[in-house]
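Inspection log for the structure reproduced underneath, given as C-alpha cells.
The values are calculated or read from the model by the stated rules, or taken from the named source; none is laboratory data. Just so it is clear, the model here is predicted, and its values are computed rather than measured. Cβ atoms come from the backbone with ideal geometry, glycine included; neighbour counts cover every protein chain shown.
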Amino acid sequence: MNFNGYAYLIVGLLVLDYVLNLVIDWLNMRHVQTEIPDEFNGWFDEQKYAASQRYLRDTTRFGLLSSTIMTPVIIVFILLGGFGFVDHLARSMGQGMILTGLAFGGMLVVISTLADLPFSIYSTFVIEERYGFNKTTARTFIADRLKSLFLTAAIGAPLFAGILWFFSRTGEWAWLYSWATVCAVQLFVIYLAPVLILPLFNKFIPLEDGALRSSIEAYAKKQDFSLKGVFKIDGSRRSTKSNAYFTGFGKWRRIALFDTLIEKHSVGELVAVLAHEIGHYKLGHIRKGMIVSMLSAGLMFFILAQFIDRPGLYAAFNVPFDSIGEYAPIYAGMVFFGFLYSPISHLIGIIGNILSRKHEFEADAFAVTTDRQPEVMVSALKKLAVDNLSNLTPHPAKVFLEYSHPPVLKRIEAIRNIRL
C-alpha cells in the first residue's frame, strides 16, 4: 500500500466507522430498562422480557465481535496489497478491460461471501436457534447463498459491465449514462421482483377463501384499492419471526403476509397490518423512496466521475494505473471509491431512515383512520414486538442513526394521539 493521502483517509474512515458503531452499541446496551414498560404489562412476562434483553445483548456483542475481526482484516488486506493481488490475477487472464473487471469483481464477491460465511452460520444456527427463531435447515441456508450469488451474477454482472463500458467510452457524460441505466434496471427489478426474484426464496400462496380474505377484500374495496394479490408466504421455513410487506407495481404488485404472522394474529389485527401496507402505497411512500434512491445514485455517480481518474486512489491500493481508456483499471477504481464514499452513504442512509420513520407514522395513521380500530392496531404491534423479542427502549442515537422504523412505544403513543 502506498501511504498517500487517500490511504490515510480510507484507513481513518474504516477506524472511525468501527469506533462510531462501538459507541452507539455501548450506549444502546446501557439504555436497556430492566423493568417492563407499563404499556407492555400483561404482554411481556418477566421471563420473556429478560429473554428479549439477553437477545439484544447477544446480537449486539456478536455484531461487535464481527466488526472487531473484520475491520482489521480489511485494513490488513489493503495494507498488504490484497486488492493489487486480485487485480494481478484478473489481468493475468489476458482479456479486455470489461472482462478483466468482471473477473476482478467476481473474485471480490467470492472473497467477501466466504469471509462473511462463518458469521452468518453462527448468527443463524447458534444465536437465532438459542432463542427459538431459527427454522432454517443447512440445505435452505446453502441454497439461499447460491441463489444470491446467481442473482448477483445475472443482474449485477451485466450492469457492472455496462457501467465500465460507459466510463471507458463516453467521456464526461459517463456518470449520467450510468445513472440512467441503474435507474432503469432498478425499476425493472422492482416491477418484476414479485414474479421473478422473490419466488426463488419463498412460496407465494394465494390467500384462501375465508374470514380473513373476506375482511381484507371488504377493507380494500372500501378504500378503492384494487388488490392484485394477497399472498401467504412460507416465512416459517427460515424463522418464527413475523412480518408483512408490499412489493411490486402494476399488475404484479403483491401484499405478502408471513404464515407466522397469520398464525399468531387475529383477523382484525391482520387487516390492520394490511391497512398499514396499503397506506404506504396510497400515501406515495414507495414512489418517494424510489425517488430518494435514484437521486442518491445520481449523486454517487457524479462524485465517482470526479475520482475515477485519480492515480493516487489506485496507488493507495497498490493497483497500477495509467489513464482512463479501454484497458485502464477503472473497475478497481469503482470499488476503491466505495471506501471514500462511505461517509456520504452513511449520511444518505440517516436521511433515508428519518424519511422512513416518518412514513411509518403516516402509514399507522392511515390504517387507524381508515380501519377505525386503534386498539386493534396497537395489539398487532405489541404481538409483533413480543414475538420478535424487540428492544422496547433503544437509545435515541441508535434510533436516529440506524432505525428505519420508529420504536414500538413511540408508534403506540402516536396512535393513541390520533383523533377519530
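Here Asn28 meets each of (1) in contact with a His (Cβ under 8 Å, 6 or more places away or on another chain); (2) surrounded by 15 or more Cβ atoms within 10 Å (Cβ to Cβ); (3) at pLDDT below 95 with one exception, condition (3). Evaluate the range 61-79: report whether one residue or more is surrounded by fewer than 18 Cβ atoms within 10 Å (Cβ to Cβ), touching a residue at least 60 places away in the same chain (Cβ under 8 Å) and closer than 27 Å to Asn388 by Cα. Yes. The set of residues in the range 223-243 that are modelled with pLDDT under 80 and of a type in the set (A, V, I, L, M) contains only Leu227.
Restrict the check to the range 171-183 and report whether at least one residue is under 20 Å from the mean Cα position of the chain (by Cα), assigned to a helix (DSSP H, G or I) and surrounded by 15 or more Cβ atoms within 10 Å (Cβ to Cβ).
Initially, the range 171-183 is screened for residues under 20 Å from the mean Cα position of the chain (by Cα), giving 182-183.
From what is left, the residues that are assigned to a helix (DSSP H, G or I) are 182-183.
Right, trim to surrounded by 15 or more Cβ atoms within 10 Å (Cβ to Cβ) and you get 182-183.
So far as the range 171-183 goes, yes, one or more of its residues are under 20 Å from the mean Cα position of the chain (by Cα), assigned to a helix (DSSP H, G or I) and surrounded by 15 or more Cβ atoms within 10 Å (Cβ to Cβ).
The condition of being within 30 Å of Leu313 (Cβ to Cβ), within 24 Å of the chain's Cα centre (by Cα) and at pLDDT 95 or above holds for only one of Ile69, Ile10, that being Ile69. Restricting Ser120, Ser148 to those that are within 27 Å of Thr71 (Cα to Cα), surrounded by 13 or more Cβ atoms within 10 Å (Cβ to Cβ) and modelled with pLDDT of 95 or more reduces the list to Ser120.
Is one or more of the residues making up the range 149-165 polar (S, T, N, Q), outside any helix (DSSP H, G or I) and under 20 Å from Ile197 (Cβ atoms)? Within the range 149-165, none of the residues are polar (S, T, N, Q), outside any helix (DSSP H, G or I) and under 20 Å from Ile197 (Cβ atoms). Here Met294 does not qualify as buried (at least 18 other Cβ atoms within 10 Å of the Cβ) and either in contact with a His (Cβ under 6 Å, 6 or more places away or on another chain) or assigned to a helix (DSSP H, G or I) (or both). The residues of the range 80-98 that are in a helix (DSSP H, G or I) and surrounded by fewer than 15 Cβ atoms within 10 Å (Cβ to Cβ), listed by number, are Phe85, His88, Leu89. When Asp58 is tested against the conditions (1) in a helix (DSSP H, G or I); (2) free of Cβ contacts under 8 Å to residues at least 24 places away in the same chain; (3) not hydrophobic (A, V, I, L, M, F, W, C), the lone failure is (2). For the range 214-259, a residue qualifies if it is out of contact with any Pro (no Cβ under 7 Å at 6 or more places or on another chain), assigned to a helix (DSSP H, G or I) and in contact (Cβ under 8 Å) with a residue 60 or more places away in the chain, and the qualifying residues are Tyr219, Lys222, Ser236, Arg237.
Annotation for the range 368-381: no member residue is touching a residue at least 24 places away in the same chain (Cβ under 8 Å) and either closer than 30 Å to Ser178 by Cβ or under 21 Å from the mean Cα position of the chain (by Cα) (or both). Which pairs do you get when a residue that is under 14 Å from Tyr341 (Cβ atoms) and in contact (Cβ under 8 Å) with a residue 40 or more places away in the chain, found in the range 307-318, comes within reach of a residue that is of a type in the set (Gly, Ala, Ser) and surrounded by 16 or more Cβ atoms within 10 Å (Cβ to Cβ), reach meaning Cβ atoms under 7 angstrom, with the pair 6+ apart or on two chains? Here the result reads Ile308/Gly333; Leu313/Gly333, each pair linking the range 307-318 to a residue that is of a type in the set (Gly, Ala, Ser) and surrounded by 16 or more Cβ atoms within 10 Å (Cβ to Cβ).
Just one of the numbered conditions (1) over 30 Å from Gly279 (Cα atoms); (2) surrounded by fewer than 17 Cβ atoms within 10 Å (Cβ to Cβ) is not true of Gly352: (1).
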